[in-house]
Amino acid sequence: MQGPPYNHTVETPATFFLVGIPGLQSSHLWLAISLSAMYTTALVGNSIIMMVICMDSTLQEPMFCFLCVLAAVDIIMASSVVPKMVSIFSSGHSSISFQACFTQMYFVHAATAVETGLLLAMAFDRCVAICKPLHYKSILTPRVMLGMSVAITIRAVIFMTPLSWMISHLPFCGSHVVPHSYCEHMAVAKLACADPMASCLYSLIGSSIIVGADVVLIAASYILILRAVFGISSKNAQWKALSTCGSHVVVMALYYLPGMVSVYISWLGQDSVPLHTQVLLSDFYLVIPPTLNPIIYGLRTKQLRERIWSLLICPFHHSSQSS
């Protein structure tokens, strides 16, 4: 005999409550100030990069186009979580509606999936530029770049849509207090009355496949780059190529290391690693890369650095001349 049909509307909470960082409530104000400063830096820095690349016709190369898209994704990723975090840490406004919670979850995880794809595209761009410089423009045509961008976006949507559907259709009939500062998938899934193992396994396997494949391809690209660089006779050319690629490697390390550590700790080390450490690691994984990416690229990429400097100096130069 079949049981009564599952009534999704009855077991769907109207509101979740985000704790912030469990055990560190006394530090919430300082965290709010730090996050506000980092978020402002991320917004201003990434906006400047987007504006400079879009306005300057000399920066329409594939590398800068991918960097422009990366800056936009960084703004989306940081904006999905930081304003709510600051609200929790500064004023204690911890409530978030059911729909807003899962919308935030979707954008956070989709943005991270897009970002790892963009890092792969940028590694491929450097590989072609250094290993096949004479064929660079014929390989990375605008059509190829558009195709890569669309494929990266479709992959993120294909990954996130089933995950969002699975977790949003779980019954939440118990506690609605999320021990986290944003609607992180594992933290929300653990509140379900039903077994969330299917969505958790899907998330772990899916993210491992996406990140694992991207890291392998990125590593292969940089192996080819290093082989080509050390085959160059000019030391100056070697240094220039390594310097350009160095900024990419730093950004990738900032992105992949905290991200994968955070994912696997939530599965394997949740009993040995304090909860506040897990939450802090997960939070800064979403905030630090968007904050540092424009600084790293702006300082280490000569063309971009010169354009940004001229953009910032020109208004003062014109005003001094007019006076």
* So which chymotrypsin sites (Phe, Trp or Tyr not before Pro) in the range 37-140 are both in a DSSP loop and have at most 14 other Cβ atoms within 10 Å of their Cβ? -> none
* Inverse of mean 1/r across different Cα pairs in the range 56-120, Kirkwood, Å -> 13.5 Å
* To do: Can you run the Rg to Rh ratio on the chain? Use alpha carbon positions and the Kirkwood inverse-distance Rh.
  => 1.03
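Given +1 on the Cβ of Lys and Arg, -1 on the Cβ of Asp and Glu, and no further charges, what dipole in debye does the range 6-161 carry about its Cα centre, rounded to the nearest 20? Walk me through the numbers on the way to the answer.
Details: 6 positive and 6 negative charges, 56 e Å.
The calculated dipole for the range 6-161 is roughly 280 debye.
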* Between 0 and 90°, nearest 10: helix 235-268 axis offset from the chain longest Cα axis -> 0 degrees
* **Accessible area (Å², per residue) of the range 62-119, counting only protein heavy atoms and a probe of 1.4 Å** => 28 Å²
* Asked: How far is the Cα center of the range 133-167 from the Cα center of the range 211-258, in Å?
  -> 21 Å
* **Amide H contacts of VAL178 (H built 1.01 Å from N, under 5 Å, at least 5 apart or other chain)** => PHE17, LEU18, VAL19
* **Kirkwood Rh, angstrom, the range 10-67 [1 / mean 1/r, Cα pairs]** => 15.2 Å
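Compute, for the range 159-285, the length of the dipole vector about the Cα centre, with Cβ point charges of +1 (Lys, Arg) and -1 (Asp, Glu) only. Units Debye, rounded to 20. Mind dumping the intermediate values first?
On the way: 4 positive and 5 negative charges, 120 e Å.
That gives a dipole near 580 debye.
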* Overall dimensions of the range 115-274 as given by Cα atoms, namely Rg and Dmax in Å -> 20.2, 68
* To do: Take the Cα pairs of the range 93-193, get the Kirkwood Rh, then feed it into Stokes-Einstein at 20 °C and 1.002 mPa s and tell me D in µm²/s.
  => 134 µm²/s
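What FRET efficiency would be calculated for the residue pair ALA220, SER79, taking the C-beta separation as r and a Förster radius of 30 Å, to the nearest 0.05? Intermediate results must be reported in sequence, preceding the final value.
Values: r = 33 Å, r/R0 = 1.11.
That pair, ALA220 with SER79, gives E of 0.35.
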* To do: Could you tell me which of VAL287, ILE205, CYS245 has its Cα farthest along the dipole of the chain towards the positive end, charges placed at Cβ (Lys, Arg +1; Asp, Glu -1), taken about the Cα centre?
  => CYS245
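What does the charge dipole of the chain about its Cα centre add up to, to the nearest 20 debye, if the Cβ of each Lys and Arg holds +1 and the Cβ of each Asp and Glu holds -1? Write down the numbers at each step before the final one.
On the way: 14 positive and 12 negative charges, 220 e Å.
I would put it at about 1060 debye.
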* How large is ³J(HN,Hα), in whole Hz, for each residue of the range 213-230 in order, when computed from phi with the Karplus curve 6.51 cos²θ - 1.76 cosθ + 1.60 and θ = phi - 60°, using x for Gly and Pro? -> 5, 5, 5, 4, 5, 5, 4, 4, 4, 6, 5, 5, 5, 5, 4, 5, 5, 6
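Counting only protein heavy atoms and a 1.4 Å probe, tell me what percentage of the chain's accessible area is made up of carbon and sulfur.
Working: 11360 of 16050 Å².
Of all accessible area on the chain, carbon and sulfur atoms account for 71 percent.
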* Helix 98-131 sits at what angle to the longest principal axis of the chain, using alpha carbons and giving 0 to 90 degrees rounded to 10? -> 30 degrees
* Rounded to the nearest 10 degrees, what's the angle between the helix 302-322 long axis and the longest principal axis of the chain, both from Cα atoms, 0 to 90? => 80 degrees
* Asked: Could you name the aspartates and glutamates in cross-link range of LYS137, using Cα to Cα under 18 Å and dropping any fewer than eight places away on the same chain?
  -> GLU61, ASP125
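The values are calculated or read from the model by the stated rules, or taken from the named source; none is laboratory data. Treat the numbers as computed from the prediction; the structure is a model and nothing was measured. Note: ideal-geometry Cβ built from the backbone for every residue, glycine included; neighbour counts use all protein chains shown. In case anyone asks, the SASA skips ligands and DNA or RNA and just uses the protein heavy atoms, side chains included. Shrake-Rupley method; radii C 1.70, N 1.55, O 1.52, S 1.80 Å.
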